[in-house]
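Everything below concerns the one structure shown next.
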Amino acid sequence: MSIDDRTTESSTDAAFDPADHARAMVGYHYRVDDYYEVGREKLREYAKAVQDLNPVHWSEDAAAGYGYDGLIAPLTFISLVGTLAQKKLLATIATGYDLSQMLQTDQVIEYYTPIKSGDRLVCDVSLDSFRQIVGRDMMVTKNIVSNQLNELVQITYTTLLIGRKGDIDESVADAARGMIMHGMTSFGAGGDDTETELEDKPTYDEPVTPPHTSAATQRFDDVAVGDELPPRTVELTRGDLVNYAGVAGDANPVHWSDAFAHMIDLETVVAHGMLTMGVAAGYLTTWLGDPGAVRDYTVRFTSPVSVHPDRPAELQLAGKVKSLDPETRTAVVSLDARFNGKRILGHRATATVQLA
């Protein structure tokens, strides 16, 4: 019996426990059957959406100055690539859950080789872990991203709190479905909501890890623990949220509809977590120079950013060199992003960077 058969059979059982099913799915993989081709203009669109001014995202000449033969993707670009693959996985493993209630709490990205225009990316997504915390069910998905050369590009870990069906008023979910663009409720490309066959272990050649190269403009010998990055203020308007929703394919109306926000007891719409993470990433790489010098980036989404219809929300960005490793010539940089004085990325927002 296949995983899909067991899922369908068990979901009709009166004694079916979604948590037990999710635990049984830990370690199962879904590999997309098609690649995502990275477009030159899509990179520019995404860089604009997260207000990333690093010229390597905009100019081939600037990218060539760092040794790249095409535009380089912003650090969080993978969020729009992996979304469909992750939803396809969850459509099968999250039986008994309401995916409209997903809340992303943490994001970890490990970088191996930069994404550039023309790349063909393939995602292998798996359920990495499952646990229950204070009555809530928490899943961590793992996404292994490789390119057309079978090089390892990134590994991402996404932590999600997911509510069970029946936990909220069904009229809220109905309202969301009535607001979003046609086709955005589906979990697969082309409106395919069918469950997919999962594997308990990958059946393809593991991607190779390329040697890490980068050209950061910050030199190890010129940086000291405690050094502060130049502060920056970024404004997010309602238009920025609508634009990011379209560019990144995030259909959740909580980011653009006040009517829906009021339904779930919010004063107004809130910014996407990945938008704020992307804004902070651009702030970091503007100081660093080469985005390819970032080895990993971790955030925790701790406080929402409310964006009113007639005035922008101001984000205060700052950073500090937390530690240095002379053997690897790397630094750990802590990032501080605040809205109305509250941390929005938590105290764990850090990035490991390779210095010149």
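The values are calculated or read from the model by the stated rules, or taken from the named source; none is laboratory data. These numbers come from a predicted model, not from an experiment. Using ideal geometry, Cβ is built from the backbone for each residue, glycine included, and neighbour counts are taken over all protein chains shown. For accessibility, only protein heavy atoms count, side chains too; no ligands or nucleic acids. Shrake-Rupley method; radii C 1.70, N 1.55, O 1.52, S 1.80 Å.
Can you say whether Val225 is closer than 21 Å to Ala337 by Cα and surrounded by fewer than 14 Cβ atoms within 10 Å (Cβ to Cβ), as far as the supplied structure shows?
Yes.
Restricting the stretch 330-345 to residues that are in contact (Cβ under 8 Å) with a residue 24 or more places away in the chain and open to solvent by 70 Å² or more (accessible area, probe 1.4 Å), which is farthest from Tyr111 (Cα to Cα)?
Going through the qualifying residues, I end up with Lys342.
Quick check: is even one residue across the stretch 97-106 of a type outside the set (Lys, Arg), touching a Gly at 6+ places or on another chain (Cβ under 8 Å), modelled with pLDDT under 95 and open to solvent by less than 20 Å² (accessible area, probe 1.4 Å)?
There is at least one residue in the stretch 97-106 that is of a type outside the set (Lys, Arg), touching a Gly at 6+ places or on another chain (Cβ under 8 Å), modelled with pLDDT under 95 and open to solvent by less than 20 Å² (accessible area, probe 1.4 Å).
Within the stretch 330-356, track down each residue that is out of contact with any strand residue (DSSP E or B) (no Cβ under 9 Å at 6 or more places or on another chain) and assigned to a loop (DSSP other than H, G, I, E, B).
Ala356
I'd like the full set of residues that are part of a strand (DSSP E or B), in contact with a Leu (Cβ under 7 Å, 6 or more places away or on another chain) and crowded, with 21+ Cβ neighbours inside 10 Å, limited to the stretch 115-126.
Across the stretch 115-126, the qualifying residue is only Val125.
Which members of the stretch 129-167 meet the condition of being open to solvent by 40 Å² or more (accessible area, probe 1.4 Å) and within 16 Å of the chain's Cα centre (by Cα)?
Across the stretch 129-167, the qualifying residues are Lys142, Tyr157.
Suppose we filter the stretch 277-290 for residues that are open to solvent by 10 Å² or more (accessible area, probe 1.4 Å) and either farther than 14 Å from Val333 by Cα or not aromatic (Phe, Trp, Tyr) (or both); how many remain?
1
If the requirement is being touching a Phe, Trp or Tyr at 6+ places or on another chain (Cβ under 6 Å) and not acidic (Asp, Glu), which of these qualifies: Ala49, Ala94?
One residue alone meets the criteria, Ala49.
Hey, does the stretch 20-29 have a residue that's under 21 Å from the mean Cα position of the chain (by Cα), part of a helix (DSSP H, G or I) and more than 17 Å from Gly82 (Cα to Cα)?
Scanning the stretch 20-29 turns up no residue that is under 21 Å from the mean Cα position of the chain (by Cα), part of a helix (DSSP H, G or I) and more than 17 Å from Gly82 (Cα to Cα).
Could you tell me whether Val50 is among the β-branched types (Val, Ile, Thr) and over 18 Å from Ala281 (Cα atoms)?
No; evaluated as a whole, the condition is false for this residue.
Among the numbered criteria (1) open to solvent by 20 Å² or more (accessible area, probe 1.4 Å); (2) touching a residue at least 40 places away in the same chain (Cβ under 8 Å), which one does Trp256 miss?
Answer for Trp256: the failing condition is (2).
Could we say that Ala189 is within 28 Å of Ala49 (Cβ to Cβ) and modelled with pLDDT of 60 or more here?
no
Please go through the stretch 294-329 and give me each residue that is among the polar types (S, T, N, Q) and either surrounded by 17 or more Cβ atoms within 10 Å (Cβ to Cβ) or assigned to a loop (DSSP other than H, G, I, E, B) (or both), ordered by number.
Thr298, Thr302, Ser303, Thr328
For (1) in a loop (DSSP other than H, G, I, E, B); (2) free of Cβ contacts under 8 Å to residues at least 40 places away in the same chain; (3) in contact with a Pro (Cβ under 8 Å, 6 or more places away or on another chain), each residue gets a yes or a no:
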| position | (1), (2), (3) |
| --- | --- |
| Lys201 | yes, no, no |
| Glu206 | yes, yes, no |
| Thr213 | yes, no, no |
| Ala216 | yes, no, no |
| Pro230 | no, no, no |
| His262 | no, yes, no |
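In the set Lys48, Lys87, which member is at pLDDT below 85, charged (D, E, K, R), within 28 Å of Tyr297 (Cβ to Cβ) and open to solvent by 30 Å² or more (accessible area, probe 1.4 Å)?
The unique qualifying residue is Lys87.
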